[in-house]
């Protein structure tokens, strides 16, 4: 399934201009997020305080994307929005991915009641649309940044469990697994040292695609007013707030909306490219 | 028992089990969170006696397992509790708001099939050529963009700048809603013979349904394309060509039908995803559906109503997947044939 050598995978990846476009977009967005303090024109506009002499300005040379209702530079806030979205996505995946992968390994390799318990639990989580479950969890918790991350994390691990489970099920029949078992390797050795490396291409591809989807999910939550609260610059809540001033101050919601699109598009194209390069099934 | 019927009963049993699991999950999540739900529901100004009375009435003093037992007993009787926000039974509330959401989702689902499938077919037939690149780019763009972003963009372009479509709501001001039969304004208007109302309702559906459908259209087109290309590599396509069938006929009869099977499964998932995304689109277009209710009860920490809304959505999600499974098994010749063999 995922037996392509890395050099071939890289050659395949390089030959596809769309994948390269994805890589460029990702590097661009991540670069903006990392350098936000240095490159934003008005770094003080992150907080609740803006410039009251320049409210509701349309895009201009001084403010490329215009200013909001209290005179904050929109470009600055969008770049900080990138930083927030990307760091939230990273946190969610850093927790959800290992949990999901380990459960998937256990279910796929151990079988029996462990498999039954883990996979049925996975089914239950996957039976609720992610956004709805995350919304419901937010319904029981105060709307804060940490809780929004928690809510998205809670519903994200099952996807990794199912992915790794399927890979393990097909890998477990391979000769190298049998060989390791025959010479008496422990089951944890077989799972983590033998099978896990072969799940890597699929999991890495999934992570790349997921950064985009977690960004989408988090911004959807804050769009509904159930996630990050102002004045923290979140792309989703910026779209929601800006929509109140349509069409006169159209830039308030259109630019953050396009920013979300760009970010998710980049990770999607990159993930698609990786999938084709590794020939991984995700 | 035929294989399709066996499959149906098997899947139905699993779906019911999953639904019970969902109810446990959401119930326990609702109960383990810090804070007294009765106090949260009544607000800081309520007296301690009122809080105690509510705790007693809602069985909140019992152990959590017993509480779940009460919940399950009511659930089986079709009772999802009472909303503290509207002070009506949750089932009544959901019945009032759900049709608006379903009408939107059904129209979006129709758009997804009517546009997504042909787009994927065209892309596959001209694979590697200009129409293919265009269709691929469009579908990636559609998949990557959250429904609310489409909503905002469509609203700006087609309701504000070039006002061909209404801005928001289900009907124009002054148009009276038709008598409730199904709760779908379009159907109700048709059934009561109010053509004007029907067109007005349909007119209001177009923008939100398009915003909701776009990512599904992209996904459907992408999948139809890749699975048709896969089918085009099969030997029986070469055979059909050797027989001299036209490319059109090959595309329609030999490549499209088998390619439909994986696409259908994804269609089911997309349709279910629309139930969730409807929350976002409804917000943009001020659509009086389940989203307005859901967000409202979430903001007010209305426990029974939240649990009820999630249960209803999970149930619809499972039903959709069940229906798709059955359709796939009917279309898939392997299952059909095994039935025929079993009979002979």
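Rule-based calculations on the coordinates, nothing more; no lab input. Note that the structure is a prediction, hence the values are computed from the model and not measured. FYI the Cβ positions are ideal-geometry reconstructions off the backbone, even for glycines, and counts take in every protein chain you see.
Restricted to Cα atoms, the protein assembly as shown shows a radius of gyration and a Dmax of 25.8, 85 angstrom.
Structure remark: mean-square fluctuation, Gaussian network model of chain B, C-alpha springs under 10 Å; the largest value among B:296, B:49, B:168 belongs to B:49.
With N set to the residue count of the range A:6-278, report its C-alpha Rg divided by 2.2 N^0.38 Å to two decimal places.
1.18
Between residue B:5 and residue B:77, the FRET efficiency from the beta-carbon distance, with R0 = 30 Å, is close to 0.55. Label-to-label distance for residue A:188 and residue B:239 is 5.4 nm, based on points extended 7 Å past Cα in the beta-carbon direction. Counted by neighbouring Cβ atoms within 10 Å, the residues A:209, B:137 run from fewest to most as B:137, A:209. For B:94, A:20, B:229, B:26, the sequence from fewest to most other C-beta atoms within 10 Å is A:20, B:229, B:94, B:26. Take each residue in A:212-225, count the other chain C-beta atoms within 10 Å of its C-beta, and the mean is 4. Report summary: the helix-based calculation at 222 nm, which adds -39500 (n - 2.57) for every DSSP H run with n ≥ 4 and divides by the residues of chain A, gives -22500 deg cm²/dmol.
Largest mean-square fluctuation among A:247, A:41, A:59, in a Gaussian network model of chain A whose springs join Cα atoms under 10 Å apart, belongs to A:247. Extending 7 Å from the Cα toward the beta-carbon at both residue A:146 and residue B:162 defines two label points whose distance is 5.0 nm. In this simple spin-label model, placing a label point 7 Å from the Cα along the Cα-to-Cβ direction at both residue A:181 and residue A:58 gives a separation of 7.1 nm. Shielding of peptide A:137-145 by partners, expressed as the average count of other chain Cβ atoms within 10 Å per residue Cβ, is 6.
Summed over all non-identical Cα pairs, the Kirkwood treatment of the range B:98-299 gives a radius of 18.4 Å. Once the Cβ-Cβ distance of residue A:173 and residue B:24 is raised to the sixth power relative to R0 = 30 Å, the FRET efficiency obtained is 0.30. Using just its DSSP H runs of length 4 or more, each adding -39500 (n - 2.57), chain B gives a mean residue ellipticity at 222 nm of -24500 deg cm²/dmol after division by all residues. Panel order for B:97, B:85, by other beta carbons found within 10 Å of each beta carbon, from fewest to most: B:85, B:97.
Inter-chain neighbour count for B:137-146: the average number of beta-carbon atoms from partner chains within 10 Å of each residue's beta-carbon is 5.
Given R₀ = 35 Å, FRET efficiency for residue B:323-residue A:16 by Cβ-Cβ distance, to 0.05? So the FRET efficiency works out to roughly 0.40.
For chain B, the C-alpha radius of gyration sits at 1.20 times the compact-globule guess of 2.2 N^0.38 Å, with N the residue count.
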